[in-house]
Structure formats: structure tokens, C-alpha cells
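Values in this text are rule-based calculations from the coordinates and carry no lab data. Please read all numbers here as calculations on a predicted model, not as lab measurements. Here the Cβ positions follow ideal geometry from the backbone for every residue, glycine too, while neighbour counts run over all protein chains shown.
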């Protein structure tokens, strides 16, 4: 159910520290780490109690297994029949390895745990993590859910709680096929559309408010790898232009694949991955690297500001997943990544933990190797910058990563902006990411003010020192009496973020003026 050092079901606050973004964990006993769990699953031990048999599980049978030493949980079954998966797992052997705590797994005992699972980590590859705990498949009755209803019914349903139902059409010339998506929304941009096509499978995801409109077609003829995407924002229209491999006339676009022409709440959709190639890797600090990945030519994906993706690698036979926020290649426009069609490069600043499970494996990749990258996720809205006058950024360590694109965007695309202040917390001077770039940018743009704070400085350090505190923040924030529009973004380790949010509330910043990212 879990493949990073965080949990699948949200644990009680009495047992844990909870970040504003939702990730949390409880202390595990010695010998109960993720690596220990992987070793156990490969030991050949019977973890289901069924001696290798797979059974079909009725809802009545599932309910019987609701104790700690006999705990079955279904994922994507009763309440999520749209996915037609419904796997049942005996999670009793996993109890002591679950970073969310035993009590959290017991919340789903003998029932469908999909909703609890999706609250925090719907991206987790539970099939891989729990494959040795698989009891069997749910025997569920067919269920008709929103998003799979006939178009007339789903339109009526969504009229009350979501966007209008989109539509699509296609037309062709001798050499091109154009797929037009009519979203009926005027806030659509290139960030809103994700396109992947492999072989004859064409997939286009359009983000419309809190829903996702999916076109998923097996194309009737072959097309070339590269294509173009155009958005006409004034009418909410998207055009995807494919190049035919042969100049022949198509009688039809193709045959529908899974969930084609469906409008689904984003929280109910799984993440789609594509393989990206490692193009370069360079040292930024003594333990932080800048990774550059290139999307396949058959993919259009632009990660919106403030959102993250998941990187997935096979490690010791198990697929491990970790979330990271893509950044710009540099803080300076003149040093930005080279221009390729559809913004093909994605950059990541990643700290390498020598004793970790994921980052050492990532660091061992050679140029030309591949990493699977998911579609974007996140709840940051660019509308938060509307008419913004003062922007304050609080970052600790690699919590600086969401701030990179925010800085770039704020200083170039917000005409009302008067000032940006960044307070950047690190342990030592050697840990400061892109220090020289930040100092040059502050010198170049007088609206930017950067303050470095060190918790373990040398005797030569003349700057601020310590941890996030009322004294530091009171000096950092000097609010104008005219109540200008302000946004405070904060990102760092869980204790840093929690303490920072408490202090910001003490300084009378409202909930709407604070946005926290999960580091």
C-alpha cells in the first residue's frame, strides 16, 4: 500500500506530526522499515494465509476479516467500481511496517479502503507493495458511477456540481489530423492539457476545474511521433495536430479505449506515467543534484507552477515512487533551458540521502537511462497571484524547490508586484542551493530581497542564524498599514512548516494569505 516513508491512510494527530500538505508518519519499531518489508515479501513466507491460492471475495466475506491479526482491505472495489479492479489484501503482516500506524489500517478493516487511501497517497503503487498479500478479487455487483453515465445523465448531474460536459471533433487534410476539444471554459491554457500517444493509443487529459476530461482512442492509422498543441483561450478550444505517416484518407478517427470521452473528478483518477530520459546531472551543493529529464517526443506535458509530479523507479524488484516539484533550469531567463518543441525538458533539484532507498538509486542512473514521470498534481492555483503586491517566501533546504518557478513567474508576469522577500533556512553555507544565483537576481531586480538563515554556521558567518522563530519572522514581515494584497508561501520539513504556519497565524496572516507546500 505504501512505497515511500509516509503513509497511505491519514493517521490520528495524537500519534503523529501532520504537514499541511497531508503527509504524516508514526515512529516504526527497529527492523520495520520499507526495506525490511521488501525483504519480507521476497522471503517466500505465506503472507495471505491461503498458501498461494487466490479467491473471489464477496462483500459479506470481506466484512468478517476486521481484526488486527486477520485484517483484509479492498482497494478500488465497492466504492470505486469504475476502475473494475477491486483487489483484496491481507494487510495484517504489513501492520508493523505501516508508517501511518496500525490504527489507520484498521480504519479500513473488512471494508473498501479506497477513499481513505486516496485522501493522501492515491499515487502509491499498492499492487507492487502488497502483491504477496493479495487474497483475490472482489466479487462486486456492477455499479454505474458518475463519469461512466450516458452523456445526457452525466451532464445533468454535473450541472449542479461541476463544469459543463466537454465535446470533441476531428478533421483532416492529406497530411494532418486535427483533434479539437471544446472545453466550454475560458481559463484553459497549455498547462491544462496532457497528451501521450504510443503506437496507436492516443490519450489526451484536459484539466477542467476539479475534473479531468479524457479522450482515449486507438487510432485507426499510424501517425508520426511529434505533434503540436494549440489553445484558443478566448473560446476554451484545444487543437491537437497529428502528422499522418501516410497521406491517406481516414474513414474514422479510431476505436474508443478505457474511459474514453469521460469527465471524472480528479480525485477519482489514477496517475498516468511516461518514461523520460535522463539528459544531464550536475552538482548544485555537496549533496544536491540538478537532474534534467526529457519527455518523449510523443508527449505534451507542462507542469503548472506550484504543482508536483511523481518519479518512479524499479528498486529491488519493487516500483518505488517519490513526489518532486519540477523547477526552472535557472533563476535567470538568459540561462533558461534550450527551447525544444512542447517544452520537452523537466528539471529537478533533489537531495541525495546516502542511507535512503530512492535517491541513491536515482543518483546511480547514467545519462540515457529512463525514469517514469507521472502527470502533475497539486492544489496551488495561479489565481493566487492576481493583483498581488507583496510576496513572502519561507523555505528550508530543498523546500526551496517550489519557490523557483514562483520567483520566476512573480518577477516577470505579475505587473502589480511591489516586492518579493525570501527567507531561506539551511544548516550550513554549503547547503544553500543556488546562493550566487539568488544574490545576483536580488542585485538585478530591486524588488527581491533574500535573507539566508543558518542553524549551524561557522564563526565567520555574519548573517542571521537559528531556526524559524517569532523574532525572525517579526523582523522579516513588515506589513503595510494599507493592507496590501499579500501571499506567503512556505515549504520545508514537517516541523518547519507546522511551526511556520502557527507563527504566521500569530502574526495575523489569514488562511487565504498562506499556502504551504509539502517538502
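Here are a few things to note about the model shown:
- For the range 382-518, averaging the sequence separation of C-alpha pairs within contact (under 8 Å, six or more residues apart) and dividing by the residue count gives a relative contact order of 30 percent.
- Among 129, 106, 35, the ranking by other beta carbons within 10 Å of each residue's beta carbon, starting with the fewest, stands as 35, 106, 129.
- Histogram of C-alpha separations across the range 273-374, 10 Å bin width, %: 14, 51, 30, 4, 0
- The share of alpha-carbon pairs in the range 415-519 lying farther apart than 23 Å comes to 31%.
- Each of the peptides 437-443, 382-388, 347-353 was scored by the mean count of other Cβ atoms within 10 Å over its residues; in descending order, highest first, they stand as 347-353, 437-443, 382-388.
- Label-point gap, in nm, between residue 413 and residue 343 - each point 7 angstrom along Cα→Cβ: 0.7
- Which of 40, 105 has the fewest Cβ neighbours within 10 Å, and the rest in rising order: 40, 105
- Stretch gain in nm, segment residue 464-residue 429, where the contour uses 0.36 nm per residue and the Cα spacing is subtracted: 11.4 nm
- Residues 170, 461, 37, sorted so that the one with the fewest Cβ neighbours within 10 Å comes first: 461, 170, 37
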